[in-house]
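Participant: I have a structure here, written as structure tokens, and I will follow up with some questions on it.
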């Protein structure tokens, strides 16, 4: 299930451990109530120090994914859905972390937000997304340039409107906090030549999948969008 850590240059060791354990939980290799190996065993499995394992476990506890029963062991939490979103929201507000950390959280939350919107979004909320895309395209057509502020406002509205369409109020609150934490990086993205317009086109693909009720298509379109932005910023 787990492999000795490797990964992107510059990524801290404990972050790589967190990613592997989170992945195992998300795909069901680790189920609610499952007991993880001990701290010492995890250090041996991942090939890192126990200090790195402690940092990883601390982050996973803060996210509500695991719990540590002293004298007993480490267990995958029974909580799911909104309870975990609340924990992640609290974690974000107290640990701004690195930009890479924040994008990792975005991939977890916003890909599912897009999927939920495609699966169960209220027609009026989905129509708001369509109207937003049409409005920004019309706005671009009317301008010969100088539309960075306009597109920046669109970007914020799009991601919040998508959270609303997911029909999960906790997710909406978390996204408000997350977008605040990402304000600096989003401003940096808008300054990259061509990125604002590419984001509009990528947003349109996400909305197209949502309108057609394509759950996997919406999830993948959002994943690709976030991956593209992250690559250009980092």
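Coordinate-derived values only; no laboratory data. Bear in mind the structure is a predicted one, so any value in this text is a computation, not a measurement. Every residue, glycine among them, receives a Cβ derived from its backbone with ideal geometry; neighbour counts consider all protein chains shown.
Participant: How fast does region 97-180 diffuse by Stokes-Einstein, in µm²/s, taking the Kirkwood radius from C-alpha pairs at 20 °C and 1.002 mPa s? Kindly include the intermediate steps, with their values, before the conclusion.
Facilitator: Details: Rh = 13.7 Å.
Value of D from the Cα-based Kirkwood radius: 156 µm²/s.
Participant: Another question, if that's okay. Take each of the peptides 199-207, 225-233, 31-39, average the number of other beta-carbon atoms within 10 Å over its residues, and list them starting from the highest.
Facilitator: Top of the packing list down: 199-207, 225-233, 31-39.
Participant: Ratio of region 13-76's C-alpha Rg to 2.2 N^0.38 Å, to two decimals?
Facilitator: This ratio for region 13-76 stands at 0.99.
Participant: Sort all Cα-Cα distances of region 114-234 into consecutive 5 angstrom bins from zero, then give the percent of pairs in each bin up to the one containing the longest distance.
Facilitator: 2, 12, 21, 24, 22, 13, 5, 1
Participant: A further question follows. So how far, in whole Å, is the C-alpha centre of region 15-52 from the one of region 157-188?
Facilitator: 29 Å
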